[in-house]
1. Taking amide H positions as placed in the peptide plane 1.01 Å from N, state which residues far from Ile55 in sequence (5 or more) or on other chains have amide H under 5 Å from it.
2. Per-residue ellipticity at 222 nm for the chain, helices alone: DSSP H runs ≥ 4 residues times -39500 (n - 2.57), over residue total, nearest 500 deg cm²/dmol?
3. Between the range 190-234 and the range 97-146, how far is it from one alpha carbon centroid to the other, in angstrom?
4. Taking the Cα atoms only, what angle lies between the long axis of helix 212-222 and the longest principal axis of the chain, rounded to 10 degrees?
5. For the range 123-234, just run the numbers: alpha carbon Rg, then divide by 2.2 N^0.38 Å, N being how many residues it has.
6. How big is the chain by Rg and Dmax over its Cα atoms, in Å?
7. Please compute the Kirkwood hydrodynamic radius over the range 116-189, one decimal place, Å, based on all pairs of different Cα atoms.
8. Given Gln215, Leu59, Val69, which one lies farthest toward the positive end of the charge dipole of the chain, if we put +1 on the Cβ of every Lys and Arg and -1 on the Cβ of every Asp and Glu?
Amino acid sequence: MVDDKVNAERSVRLRPEWLKHLGQEFSQPYMTTLAAFLREEKAAGKTIYPKGPHIFSALESTPPEAVCVVILGQDPYHGAGQAHGLSFSVPRSVAIPPSLRNIFKEIERDLGIPKPAHGCLEHWAQAGVLLLNTVLTVEASLPGSHQGRGWEQFTDRVVEVIDRFSPPSVFMLWGAYAKQKGAAIDRKKHCVLEASHPSPLSAHRGFLGCGHFGQANRFLTSQGRPPINWALPD
């Protein structure tokens, strides 16, 4: 059993700060079943996003002790070249998706920061914003195709680790799915901000005008933590 755990951890590219809390997950039955499912899908010739090295990019970019803000997405973008392991983010060379355009629109309204020319959010991740999708993989052109396969249990555990072991942080829960995911967060310790999803279908029902980015920085400052610079470098 110990050997199985060690082998499972070695097969995953994850920084030791996260493995300390999450390493045991990779030898759990749900995760071995998930890994087998992903192998079978690839063997069947299906295209899976993001590519393997980027599946855990959110955790690689932001260690638990550095988390200041958590932005929960649902599952990765399912178009070619879009997903790179950070919720809502796309590589610089990819057109900015509609939900992310609305996020930038709200930041500009809230903080006066002009909308950037690209949608790569790596700068936020390195500054302490955990850009975590609830489901970490998806089949090309099939949104939601990997829901219910085990990722939700794993990312529940990630949220639990932040809730228990990270300093007071801000959770941005946009849409019913994210709100459900964050239902158990300790709201006496952390700041939990809720709004509708930034999708064009729902952004006008509470996301636009929510003021979450300024609220997040005010909370962090009140806790003696540095605010997030939401401006993205060119």
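The values are calculated or read from the model by the stated rules, or taken from the named source; none is laboratory data. Computed from a prediction, not measured in an experiment: that's the story for all the values here. Glycine also receives a Cβ, built like all others from the backbone with ideal geometry; neighbour counts cover every protein chain displayed. Just the protein is used for accessible areas: all its heavy atoms, side chains included, with ligands, DNA and RNA removed. Shrake-Rupley method; radii C 1.70, N 1.55, O 1.52, S 1.80 Å.
1. Amide H neighbours of Ile55, under 5 Å, 5+ apart: none.
2. -11000 deg cm²/dmol
3. Between the Cα centres of the range 190-234 and the range 97-146 lies a distance of 12 Å.
4. Roughly 90 degrees, rounded to the nearest 10.
5. Output field value: 1.13.
6. 17.3, 54
7. For the range 116-189, inverting the mean 1/r across all distinct Cα pairs yields 14.0 Å.
8. Gln215
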